[in-house]
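Notes to accompany the following structure.
Every number in this text was worked out from the coordinates using simple rules, so none of it is lab data. Everything numeric here is computed off the predicted structure, so don't read it as measured data. Using ideal geometry, Cβ is built from the backbone for each residue, glycine included, and neighbour counts are taken over all protein chains shown.
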Amino acid sequence: VTPAISTDTQREHLASLPLRDKRFSVARRWVECNNLPPGAPGDIEEFLHRQMNEEVNSLECSAKSLADFPDSDWEMQLFLARQSWDESRHAVAFRLLYESRDGVLGATPILNFQYEIISGFTTLLERLIIQNRSFEAGGLDAIERGIDENASDPDLIQLYDSQLADEILHVRFANDWIRRHCAKKPVTVLTLGRTYAAAVRLFNDVMGPEGVAGVAAAPALSRVEAGFTQAEIEASAPPSRDGSGSR
Ligand SMILES: [Fe+2]
Ligand SMILES: [Fe+2]
């Protein structure tokens, strides 16, 4: 499979892609997806379908970390198992809402960039930095924006509310764990910066300028609950895990 990422210096981080059955058309870059203007007919349904697959990516990444790091402490293993369960519920919730609106699985392209990027890193620390502290933290912002922008859609708001409660815990656990790691081993701060920068480059390569243009700032209230300091919130311009990019 040809990697979506073209940045030669980052190529070593890329893993193979997860399998999808033949109903699904897997896009490699954001511009290859059906990017309907906000409010256009089918816009919400396309988002539900793509986000369903994003949640499957999150499940696949947390489950892979559980399998790849069997010597991690028991608390971490329990967390990864719980996260896998949470992400599977999110995928089902998005699927059910999509199908309740006559959505057909595979109707529009999906992206697997999360798995491709995250699973290509070889340490648990790097994966938590990217999956939980970067992509899922960006997801918190996307959910907050979604709640603000879809007040007239109670079913979607209910889904967002329950998802947000789980995602805050996912980000918070990783933040706490990484902070303890930094306290024990200060050089971890360098890994944090280097890994974060690599994630931004890889993410931007998939999304392109079109995919990140016009993303409105989020109130970032959830980031506070997820354990970010005010300085970190102000300093960060993290990549969103929301595959719809400009939504
Ligand atoms: Fe999720
Ligand atoms: Fe999550």
Quiz item: How large is ³J(HN,Hα), in whole Hz, for each residue of segment 119-134 in order, when computed from phi with the Karplus curve 6.51 cos²θ - 1.76 cosθ + 1.60 and θ = phi - 60°, using x for Gly and Pro?
Solution: 6, x, 8, 9, 10, 5, 4, 4, 5, 5, 4, 7, 5, 8, 7, 10
Practice problem: Using every Cα-Cα pair within segment 59-104, state what percent have a distance larger than 13 Å. | Solution: 58 percent
Exercise. Using the Kyte-Doolittle scale, find the helices of the chain whose mean hydropathy is at least -0.5 and whose Cα atoms extend 20 Å or more along the helix's long axis, counting only whole DSSP H runs.
Key: 74-100, 154-184, 188-212
Quiz item: Once every DSSP H run of n ≥ 4 in the chain is given -39500 (n - 2.57) and the sum is divided by its residues, what mean residue ellipticity at 222 nm do you get, rounded to the nearest 500 deg cm²/dmol?
Solution: -19000 deg cm²/dmol
Quiz prompt | Residue among Ile178, Ile168, Thr188 farthest towards the positive dipole end of segment 162-201, charges placed on Cβ | solution = Thr188
Quiz item: If the cut-off is a Cα-Cα distance under 18 Å, which aspartates and glutamates reach Lys184, setting aside same-chain residues fewer than 8 apart in sequence?
Solution: Asp73, Glu75, Glu126, Asp176
Self-check item: Amide hydrogen neighbours beyond the local backbone of Gly120, cut-off 5 Å, H modeled
Solution: Ala15
Quiz item: Projected onto the charge dipole of the chain (+1 at Lys/Arg Cβ, -1 at Asp/Glu Cβ, origin at the Cα centre), which of Gly106, Ser222, Ile130 gives the Cα projection farthest towards the positive end?
Solution: Ile130
Self-check item: Fewest-first sequence of Trp74, Trp85 by Cβ atoms within 10 Å of each Cβ
Solution: Trp74, Trp85
Quiz item: Between Leu66, Met76, Gln51, whose Cα lies farthest towards the positive end of the dipole of segment 40-112 when Lys and Arg beta carbons carry +1 and Asp and Glu beta carbons carry -1, centred on the Cα centre?
Solution: Gln51
Practice problem: Could you give the size of the charge dipole of segment 41-189 about its Cα centre, using +1 on the Cβ of each K and R and -1 on the Cβ of each D and E, expressed in debye and rounded to the nearest 20? | Solution: 760 debye
